[in-house]
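Visitor: Sharing a structure here in structure tokens format.
The values are calculated or read from the model by the stated rules, or taken from the named source; none is laboratory data. Bear in mind the structure is a predicted one, so any value in this text is a computation, not a measurement. Here Cβ is always computed from backbone atoms with ideal geometry, including for glycine, and neighbour counts include all displayed protein chains. Quick note on the areas: whole protein, heavy atoms, side chains included, nothing else; ligands and nucleic acids left out. Shrake-Rupley method; radii C 1.70, N 1.55, O 1.52, S 1.80 Å.
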Amino acid sequence: MTETTEFKESPRYSVNPTAFVFALICAPLVVTLFSFWTIIGLFALPFGIIPYLVIGTPMLLWAVGRIKPGFKPYALLGLAGNVILAVIVGIMALADGNAGQANEAIVFFAGFGLIFAPLYGGAFGSLYALFHPNIRVLQT
């Protein structure tokens, strides 16, 4: 008996570069606008914008063509990016030979990032869906 295995590809979505750039820039600003009263929200923008752009941009660029835009899936993607960054920072600090510095770095990046990375990612997903209303599944 011969078995054939067919892989079902997940749908691919159309990508709008203008909507991507606007959502990428506006997401942290919108989160800061809604969280500025916590004081932490004010400091999250200057401390979190570089990791958001360096780690988040490639992850989000990969995701817009493969994951339908929305708050929850992109918030989970932001959380995953934050965990990956915290692990990388921790490994780099441990490789330097200072365990105390590794703990501080992980707490700093993961602690505040666990709050704001999912918010930035979810805001991006929501704004991208808003800015690119005619998202369609591409034929593969």
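Visitor: Only helices at least 15 Å long along their axis, Cα-based, and averaging -1.0 or more on Kyte-Doolittle count here, so list those DSSP H runs from the chain. List each step's numbers first, then the result.
Guide: Numbers: long enough: 17-35 (28 Å, 2.07); 40-51 (16 Å, 2.04); 71-95 (36 Å, 1.89); 99-131 (44 Å, 1.21).
The answer, listed by residue number, is 17-35, 40-51, 71-95, 99-131.
Visitor: Here is a follow-up. Looking only at Pro28, Pro69, Pro46, which one moves most when the chain is put into a Gaussian network model with springs between Cα atoms under 10 Å?
Guide: The residue with the greatest mean-square fluctuation here is Pro46.
Visitor: Which values, in whole Å and largest first, are the semi-axes of the equivalent ellipsoid of the stretch 86-129 obtained as the square root of 5 times each eigenvalue of the Cα gyration tensor?
Guide: Value: 29, 10, 4 Å, ordered largest first.
Visitor: Tell me, what is the Rg over Rh of the stretch 37-114, with Rh the Kirkwood radius over Cα pairs?
Guide: Radius of gyration relative to Kirkwood radius: 1.03.
Visitor: What accessible area per residue, rounded to a whole number of Å², is obtained for the stretch 1-127 using a probe radius of 1.4 Å?
Guide: Averaged over the residues of the stretch 1-127, the accessible area is 62 Å².
Visitor: Also, I was wondering about something else. Principal axes first, then extents: for the Cα atoms of the chain, list largest minus smallest coordinate on each axis, whole Å, largest first.
Guide: That gives 57, 46, 20 Å along the principal axes, largest extent first.
Visitor: Ignoring any ligand, DNA or RNA, what whole percent of the accessible area of the chain comes from carbon and sulfur when the probe is 1.4 angstrom? Each step should come with its number before you reach the end.
Guide: Numbers: 6490 of 9000 Å².
Here carbon and sulfur together make up 72 percent of the probe-accessible area.
Visitor: Further, regarding this structure: Give, as ranges by residue number, the residues of the stretch 10-40 whose backbone N falls under 17 Å from the point 7 Å along Cα→Cβ of Thr57.
Guide: Of the residues in the stretch 10-40, 16-29 have backbone N under 17 Å from the label point off Thr57.
Visitor: Just want the answer: with Cβ charges of +1 for Lys and Arg and -1 for Asp and Glu, which residue in Tyr13, Gly100, Leu53 is farthest toward the dipole's positive end in the chain?
Guide: Going by the charge dipole, the pick is Tyr13.
Visitor: Quick check for me: using +1 on Lys/Arg Cβ and -1 on Asp/Glu Cβ, what's the dipole size of the chain about its Cα centre, in debye to the nearest 20? Write out the running numbers ahead of the final one.
Guide: Numbers: 6 positive and 5 negative charges, 94 e Å.
Computed about the Cα centre, the dipole is about 460 debye.
Visitor: If I model a spin label as a point 7 Å beyond the Cα along the Cα-Cβ vector, how far apart are those points for Asn98 and Trp37 in nm?
Guide: The modelled label-to-label distance comes out at 3.9 nm.
Visitor: While we're looking at this one, here's another question. Only Cα pairs within less than 10 Å get springs; with that Gaussian network setup on the chain, which residue of Gly70, Gly78, Gly121 has the largest fluctuation?
Guide: Checking each option, the largest mean-square fluctuation is seen for Gly70.
Visitor: Which listed residue (Ile25, Ala44, Ile115) has the Cα farthest towards the positive end of the charge dipole for the chain, taking +1 on Lys and Arg C-beta and -1 on Asp and Glu C-beta about the Cα centre?
Guide: Toward the positive end, the furthest listed residue is Ile25.
Visitor: Another question about this same structure. Can you tell me the FRET efficiency between Phe47 and Thr18 if r is taken as the Cβ-Cβ distance and R0 is 35 Å, rounded to the nearest 0.05?
Guide: Values: r = 28 Å, r/R0 = 0.80.
The calculated FRET efficiency here is 0.80.
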